[in-house]
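K.L.:
Right, I'll just put the structure down here and ask away after.
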Amino acid sequence: MDNIIPKEYIIQDTIRRELEKRIEVYPFDILYVDQKDNSQALLKLSFWVEEDIDEIKKLINYSSLCDKTGFLEIRETTTIIIRGYALLNFLRSIGLS
């Protein structure tokens, strides 16, 4: 029997490594959820410090995104949730798409 690691775990691990390497951001929680047809992927990142949210926004060039509806930041819990075009832009910025 093959030892199969779900795609989501591989993506989560890659996101963690790329954030640490590219912008020295160290999230304490990463959750990536994807439908089988890739139609509604969702990424939740939680950080130790609030400033890491700003680093992610710089990474995806948030200020120039024309559709910001896919980016939700919750500063009280240092968490962001990304979906849609914002997620695609994020994945591209770390070399995953």
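K.L.:
Return the only residue of LEU72, LEU65 being of a type in the set (A, V, I, L, M), modelled with pLDDT of 90 or more and over 11 Å from the mean Cα position of the chain (by Cα).
P.N.:
LEU72
K.L.:
Restricting to the stretch 22-45, what's the tally of residues that are basic (Lys, Arg), over 14 Å from LEU87 (Cβ atoms) and outside any helix (DSSP H, G or I)? Don't jump to the end; show me each part of the working.
P.N.:
Here is the first cut: in the stretch 22-45, the residues basic (Lys, Arg) are 22, 36, 44.
Then keep just the ones that are over 14 Å from LEU87 (Cβ atoms); that gives 22, 36.
So of that shortlist, the ones also outside any helix (DSSP H, G or I) come out as 36.
The total comes to 1.
K.L.:
Mind checking which residues of the stretch 46-75 are within 10 Å of PHE90 (Cα to Cα), among the aliphatic types (A, V, I, L, M) and assigned to a loop (DSSP other than H, G, I, E, B)?
P.N.:
ILE60
K.L.:
Conditions first: (1) touching a strand residue (DSSP E or B) at 6+ places or on another chain (Cβ under 8 Å); (2) without any contact (Cβ under 8 Å) to a residue 40 or more places away in the chain. GLN40 passes all but one, so which condition is the exception?
P.N.:
Every condition holds for GLN40 apart from (2).
The values are calculated or read from the model by the stated rules, or taken from the named source; none is laboratory data. Note that the structure is a prediction, hence the values are computed from the model and not measured. Because the Cβ atoms are built from the backbone with ideal geometry, glycine has one as well, and the counts that use them run over all protein chains shown.
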